[in-house]
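Structure, as structure tokens:
The values are calculated or read from the model by the stated rules, or taken from the named source; none is laboratory data. The structure displayed is predicted, hence computed values, not measured ones. For neighbour counting, all protein chains shown are included, and Cβ atoms are generated from backbone atoms with ideal geometry for every residue, glycine included. Note: accessible area is taken over every heavy atom of the protein model, side chains too, but ligands, DNA and RNA are not part of it. Shrake-Rupley method; radii C 1.70, N 1.55, O 1.52, S 1.80 Å.
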Amino acid sequence: NKGGLAVKSRDGNFTTQIGGRMQLDSAWYGEDDSAAGSTLGDGTKVRRARLYIKGTVNKDWFYKFEYDFAGTGDTRKGITDIWVGYNGFDFEGLSVKAGHFRDPFMLQDQISDNNTQFTERASIDAFTASRHIGVMGSIDRKHWTTALGVFGDKANTNGGSDDEGWGLGGRSTWMPVNEKGSLVHLGLAANYRSTRGGEVQFKQQPETNISGVDFVDTGKLLDVDSYLTLGAEVALVKNRFSGQAEYIRTQLERDTTSDLTFDGWYAQTGWFLTQDTRPYTHKGAKFKAVKPNSPFGNGGIGAWELALRYSTIDLMDGAINGGEMDNVTLGLNWFPVAGLRFSANYIKVLEVEGGAHDNEEADIMQLRGQWAF
Amino acid sequence: NKGGLAVKSRDGNFTTQIGGRMQLDSAWYGEDDSAAGSTLGDGTKVRRARLYIKGTVNKDWFYKFEYDFAGTGDTRKGITDIWVGYNGFDFEGLSVKAGHFRDPFMLQDQISDNNTQFTERASIDAFTASRHIGVMGSIDRKHWTTALGVFGDKANTNGGSDDEGWGLGGRSTWMPVNEKGSLVHLGLAANYRSTRGGEVQFKQQPETNISGVDFVDTGKLLDVDSYLTLGAEVALVKNRFSGQAEYIRTQLERDTTSDLTFDGWYAQTGWFLTQDTRPYTHKGAKFKAVKPNSPFGNGGIGAWELALRYSTIDLMDGAINGGEMDNVTLGLNWFPVAGLRFSANYIKVLEVEGGAHDNEEADIMQLRGQWAF
Amino acid sequence: NKGGLAVKSRDGNFTTQIGGRMQLDSAWYGEDDSAAGSTLGDGTKVRRARLYIKGTVNKDWFYKFEYDFAGTGDTRKGITDIWVGYNGFDFEGLSVKAGHFRDPFMLQDQISDNNTQFTERASIDAFTASRHIGVMGSIDRKHWTTALGVFGDKANTNGGSDDEGWGLGGRSTWMPVNEKGSLVHLGLAANYRSTRGGEVQFKQQPETNISGVDFVDTGKLLDVDSYLTLGAEVALVKNRFSGQAEYIRTQLERDTTSDLTFDGWYAQTGWFLTQDTRPYTHKGAKFKAVKPNSPFGNGGIGAWELALRYSTIDLMDGAINGGEMDNVTLGLNWFPVAGLRFSANYIKVLEVEGGAHDNEEADIMQLRGQWAF
């Protein structure tokens, strides 16, 4: 129980639930003033303010609609999830859904940003497959999952007079060990996208989202015909300990010039100071929300977790000088009660090589207050 | 029961309900490349993503607020309904409402887009009276209805330094036959609008809404003092069969140049392949949502309907070369369970005469997935 | 009971509530055509259309999220409240909250716009401290309250490459008399804001919000280092009678030029024609919603209130010719049932001296329909 509204019909065939997530950030930036590039501005921000309504209709049909109210302008405000699905098949764990939702790609993207170990995802999020309008079939079983989808464009894109781009994506995972407090998760994923003559850009802030300054940035890559992104992921849990690592590589095919390849990876680990463990679900093969064993109040102190991450991304290839960035992040998470989370992240940009922010080795202190219901 | 949230106080005098509608479209366009005008881009789109909250207060007062979250920018995102009403009168069927809601005009506009027979309304929707802030009184009885309202401007318009436009609209219907599975509906409506020196524009896509290209378009008509739009409507139901037709004509009065007249009409018919019928309500005198007799699952296949429509619109008069367009549409609707709908529409543009898209006889394949709760 | 949705867990430790407020305005302007400045346009408007979700988590934690759907563009649409709080302290009345909410400043700003005596706040609302992202501690007891907060920037501002501004604000009130139908309220407040090199502007419409024309306006004041705004407030209730007055003064410190001082005040009084009284709460030290003793229907006529206000604001100092405006407002409020309100305000601009609207003594008729649930 973490708040929110839920109702169920007497026979259980109809359910409706309303909930949301609220994330408030503040950040302080320390910089070497002799470095290239622009300066970072301290500040506060509503990082996400999402509400959703989801439900079950006639037992076998389910839907979700979620909207993000944060941000100014249409850049970030907008529909995140809008889909309808069916799981009334005889085949165990099979479901089909259609609508706008996340492509099945990248473990850290499958994990809700409510439940990531750090305030921001690792820098390879530059290669995110993100969300598109499409159709996906998936099978989720206790020891393995597989998902395959075909996708059109984003929810907010209109066709205009050119045809929209399209994509194809799949992800498969194997969990030889999957018990409470004990997990071995391995996964592979691929995502192909035809741009139909469009442009592509990869860029990333140093795992912060207040100042809006991208430290690595390929700029707009024109004439990209299509690109294929591959990912390999591993995750482990043993009681208080958890570990997670991913490698992503993208290859861009261009019509008139040479092809390009960019890549990156991260590895992170967490340790609960309290008697807690990072919970996992085979539905979508991902981590879910920490619920403290001993909630704050009446002698309880909630759940406390220390976490460490190393991440690297390389956006340099051929004539493209997008820069390479290596970061290390130290995180502290406090979960006083189910639904609430307070996080402090210290990010040290170890090195930026190339690009417009060459040598800008900033350090960042970032706080988040978050409640989900 | 189709999901959504509803609560009622013990005495039934207070109710609150939350619900919504989600419509996801995709379209493929075939074109004669030798035609004039721009090309149509295939694509996908969130057509509508609306949530509402409505309720009853102290038994006699009722209100509704609905917002559309779809689209980019303020063009389509925005408040649809926001009004409060009172129906505690002694006179049967009388209610008064104030706020932003649809002018009482055009049968196909009164029918919720959830419940229209085709994915898009017929091309005379170019003459829609749409919604405005106003006050309306209406009487809804089983065999007749009448509504009359006075209206200001749209919800999203500010006065600035000029006074806003205003309008007056009324609609009356007569239903000599109105039983379940058996309907004869006749109606007349008029809508007058004073523009206060503003400009007016009529335009329409070929009954599709992905590419955003208007095939007929008067352009901005300046110096329009006021315009009067008249409509005649007829609808029939006999068990599995339904029919619906409307004629609309608008006359624009201009200060310094000659007056203009545009018009159009459509006729459509539907036939359920299953033992279903199109349901109708005298409240607002319109069709409502199809609920399949035999829901999908456990041997049921839901409701299946075939539909055919011919539509024409003429935006040419005097010096205005807005074009004339004739379309025929073949539709297939599947309602697996109450609240869900999947539709396929094939639209053949029979002829475009005049305007910027002269002779652009496209054909269009359009799919919609829709769920309302 | 005024509608809306509320659920509670069996032990009462978890609650969730959904509600909103809807305000629809229309205004007619009368003007002396010989005056300077632009003309005012009559019109209608959705003044506010807000929905909120709020709740209690694990008994001691509480949160709120509210969004305003009215207006075009991001100017007015946006997050109003987004915060989480804790009140599980042993100290009576103590609570702490973090997020985006109103600075503790100005009685008429603390009172929800649902519950203000007139449709628009008095002209000193030009000095509003408004909402910011921050942390605030407050103690609310029956006979006194105090609140102190430190604030960053607005919810919708990003840091960019400059650090954001910040502020510090406090408000204390003393209520020697605080019973139902009997109140003496005295308060003092201060609000300091560092702009970090930003610009500041004070401007105000003549207590109307349809035409969007500001009658007094300092223009953009550049080079403002910081400003300190002080307020003194008093409120009284004796059965059907209520009174309220405030004085606000702001001092701007500028780096390179001389400092500036602007100020203003208002006094207002209300008289219920029916057996009703203006209710007050020590939580936030403010008036709350009128609930009619005898609701409309079954012989009841609801609550009727007459109100009168005088307000003045002076935005002239040194070289700044922002103008001075004196208004008097006559108001009539009808509360047919709890949650509903209809108001008519007649505003007479007594004098505008200086500024771009010198001598533009307009009179304004303004209606509002409002429902909150």
So which residue, out of A:Glu207, A:Glu351, A:Glu246, gets the largest mean-square fluctuation from a GNM of chain A using Cα contacts under 10 Å as springs? A:Glu351
With n ≥ 4 as the cut-off for DSSP H runs, can you work out [θ] at 222 nm for chain B, using -39500 (n - 2.57) per run divided by the number of residues, rounded to the nearest 500? 0 deg cm²/dmol
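Counting every Cα pair in the stretch B:87-234, what percent are over 26 Å apart? Provide the component values of the computation, followed by the final result.
Details: 3567 of 10878 pairs.
Cα-Cα pairs of the stretch B:87-234 separated by over 26 Å account for 33 percent.
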FRET efficiency, 1/(1 + (r/R0)^6) with R0 60 Å, evaluated for B:Glu199 and B:Gln275 via beta carbons: 0.75
Could you point to the residue in A:Ser242, A:Gly300, A:Phe287 farthest towards the positive end of the stretch A:218-311's charge dipole, with +1 and -1 charges on the Cβ of Lys/Arg and Asp/Glu respectively? A:Gly300
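Can you give me the Kirkwood hydrodynamic radius for the stretch C:100-372, using every pair of distinct Cα atoms, in Å to one decimal? Before the final figure, lay out each step's value.
On the way: mean 1/r = 0.0510 Å⁻¹.
Roughly 19.6 Å, rounded to one decimal.
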Label-to-label distances across copies for C:Ala289, with labels 7 Å out along Cα→Cβ, in nm, shortest first? 2.7, 2.8
Quick one: give the max-minus-min coordinate of the C-alpha atoms of the stretch B:61-137 along each principal axis, largest first, in Å. 42, 26, 20
Accessible-area value, B:Trp265, 1.4 Å probe, nucleic acids and ligands omitted, Å²: 110 Å²
Using a label position 7 Å from Cα in the Cα→Cβ direction, what is the ascending list of nm distances from B:Leu367 to the same site in the other copies? 5.0, 5.0
Any idea what the dipole of the stretch C:100-372 comes to, in debye rounded to 20, about its Cα centre with Lys/Arg Cβ at +1 and Asp/Glu Cβ at -1? 1860 debye
Starting from the residue with the highest accessible area, list C:Met316, C:Met136, C:Met106 in decreasing order, probe 1.4 Å. C:Met316, C:Met136, C:Met106
Measuring from its Cα centre, the protein assembly as shown shows a charge dipole (+1 at each Lys and Arg Cβ, -1 at each Asp and Glu Cβ) which, in debye to the nearest 20, is 7320 debye
The protein assembly as shown: spread of alpha-carbon positions along the three principal axes, whole Å, largest first, is 75, 73, 58
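So for the protein assembly as shown: antiparallel DSSP bridges make up what percent, rounded to the nearest 5?
That works out to approximately 100 percent antiparallel.
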Note down, for the stretch C:256-336, the three equivalent ellipsoid semi-axes (square root of 5 times each alpha carbon gyration tensor eigenvalue), biggest first, whole angstrom. 39, 15, 8
Residue-averaged beta-carbon neighbours from other chains (10 angstrom radius) around A:46-57: 5
Phi-based couplings in Hz for the stretch C:87-95 (Karplus 6.51, -1.76, 1.60; Gly and Pro marked x): 9, x, 7, 6, 6, 4, x, 7, 8
Could you rank A:Asp81, C:Asp363 by how accessible they are, 1.4 Å probe, largest area first? C:Asp363, A:Asp81
Distance in nm between pseudo-label sites at C:Leu168 and C:Glu353 (7 Å out along the Cβ direction from Cα): 3.6 nm
Who wins for biggest fluctuation among C:Glu92, C:Glu353, C:Glu305 in a Gaussian network model of chain C, springs between alpha carbons below 10 Å? C:Glu92
Short version: ³J(HN,Hα) in whole Hz for each residue of the stretch A:223-238, in order, from phi by Karplus 6.51 cos²θ - 1.76 cosθ + 1.60 (θ = phi - 60°), x for Gly and Pro, what are they? 6, 7, 7, 6, 8, 10, 10, 10, x, 10, 9, 9, 9, 9, 9, 9
Not counting ligands, DNA or RNA, and with a 1.4 Å probe, what is B:Phe89's accessible surface area in Å² rounded to the nearest 10? 80 Å²
What accessible surface, in Å², does a 1.4 Å probe find on B:His132, ignoring ligands, DNA and RNA and rounding to the nearest 10? 10 Å²
Sorted shortest first, the nm distances from the A:Trp174 label point (7 Å along Cα→Cβ) to its counterparts in the other copies are 7.7, 7.7
Percent relative contact order for chain B, counting Cα pairs under 8 Å at least six residues apart, stands at 16 percent
Amide H contacts of B:Val224 (H built 1.01 Å from N, under 5 Å, at least 5 apart or other chain): B:Val200
Too-long pairs where the Cα-Cα distance tops 18 Å, listed order kept, from B:Lys8/C:Lys54; A:Lys64/A:Lys283; B:Lys154/B:Lys288; C:Lys54/C:Lys97: B:Lys8/C:Lys54; B:Lys154/B:Lys288
In a Gaussian network model of chain C with springs linking alpha carbons closer than 10 Å, the residue among C:Lys97, C:Lys286, C:Lys180 that fluctuates most is C:Lys180
Point-charge dipole on Cβ atoms (K/R +1, D/E -1) for the stretch C:272-362, about Cα centre, debye to 20: 1040 debye
So, R0 is 56 Å and r is the distance between the beta-carbons of A:Thr39 and B:Val177; what FRET efficiency does that work out to, to 0.05? 0.15
Accessible surface, 1.4 Å probe, highest first, among residues C:Leu260, B:Leu51: B:Leu51, C:Leu260
